[in-house]
Amino acid sequence: QLQLVESGGGLVQPGGSLRLSCAASGSIFSINAMGWFRQTLGKRRELVATITSGGSTNYANYVQGRFTISRDNAKNTVNLQINSLEPEDTAVYYCNAASTCGGYWGKGTLVTVSS
């Protein structure tokens, strides 16, 4: 079993920055890759970025260089740095872990971009 807990969401003005963090606990040895997804009301959950245990990253096309995913294997955390936030980035951001035991999700953290 894996537990994922996100933090770092909140209200930010357009053009601002946020750093989201996801702490993993439990069967962390089984994790192959971690990532961030986001979901807005009435829409499907969509990929933001992923990172493998080896550090290979993958980003959604819409990220356009504004998002950076990083991983601290020693602390069992994955972070998402978001710069130049836009109102369209408003969503619940979910942490995901792909492990040998299956996929796991955190409960999400809300990011609201508004002036």
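The values are calculated or read from the model by the stated rules, or taken from the named source; none is laboratory data. Keep in mind the model is a prediction, meaning the values are calculated, not measured. Please note: Cβ atoms are built from the backbone with ideal geometry, for glycine as well, and neighbour counts cover all protein chains shown. Surface accessibility is based on the protein's heavy atoms, side chains included, excluding ligands, DNA and RNA. Shrake-Rupley method; radii C 1.70, N 1.55, O 1.52, S 1.80 Å.
Relative to the Cα centre, what is the charge dipole magnitude of the chain, using +1 at the beta carbon of each Lys and Arg, -1 at the beta carbon of each Asp and Glu, and rounding to the nearest 20 debye?
Here the chain has a charge dipole of around 140 debye.
Out of all Cα-Cα pairs in region 5-44, roughly what percent, to the nearest whole number, are more than 13 Å apart? Don't skip to the end; give the middle numbers.
Numbers: 540 of 780 pairs.
Cα-Cα pairs in region 5-44 separated by more than 13 Å: 69 percent.
Please name whichever of ALA60, GLN13, ALA24 sits farthest to the positive end of the charge dipole of the chain, dipole taken about the Cα centre and charges placed at Cβ: Lys and Arg +1, Asp and Glu -1.
Of the listed residues, the answer is ALA24.
Percent relative contact order of the chain, based on C-alpha pairs within less than 8 angstrom and at least six residues apart?
38 percent
Take the Cα coordinates of the chain, assign each an equal point scatterer, and use the Debye formula without solvent to give log10 I(q)/I(0) at q = 0.23 Å⁻¹.
Debye curve over Cα of the chain, log10 I(q)/I(0) at q = 0.23 Å⁻¹: -1.32.
With springs only between Cα atoms under 10 Å, which of THR50, THR68, THR100 fluctuates most in a Gaussian network model of the chain?
Its mean-square fluctuation being the largest, the pick is THR100.
How much of the accessible area of the chain, in percent, comes from carbon and sulfur atoms when a 1.4 Å probe is used?
Of the solvent-accessible surface of the chain, carbon and sulfur hold 50 percent.
In Å and on Cα atoms, what radius of gyration and Dmax does region 65-115 show?
Both quantities, over Cα of region 65-115: 13.1, 43 Å.
Rounded to the nearest whole Å², what accessible area per residue is found for region 2-92 with the 1.4 Å probe?
53 Å²
Per-residue HN-Hα couplings for region 71-83, Karplus 6.51 cos²θ - 1.76 cosθ + 1.60 at θ = phi - 60°, whole Hz, x for Gly and Pro?
Each residue of region 71-83 in turn: 9, 10, 5, 5, 9, 6, 10, 10, 10, 9, 8, 10, 10 Hz.
How large is ³J(HN,Hα), in whole Hz, for each residue of region 13-23 in order, when computed from phi with the Karplus curve 6.51 cos²θ - 1.76 cosθ + 1.60 and θ = phi - 60°, using x for Gly and Pro?
Using θ = phi - 60°, the values come out as 7, x, x, x, 10, 9, 10, 9, 10, 9, 9 Hz.
Could you tell me which Cys residues in the chain have no other cysteine's Cβ under 4.7 Å from their own Cβ, answering none if every one has a partner?
Unpaired cysteines in the chain: CYS101.
Enumerate by residue number the trypsin sites (Lys or Arg not before Pro) in region 34-115 meeting two conditions: DSSP loop (anything except H, G, I, E, B), and at most 14 other Cβ atoms within 10 Å of the site's Cβ.
When the trypsin sites (Lys or Arg not before Pro) of region 34-115 are filtered for loop state and at most 14 Cβ neighbours within 10 Å, LYS43, ARG44, LYS75, LYS107 remain.
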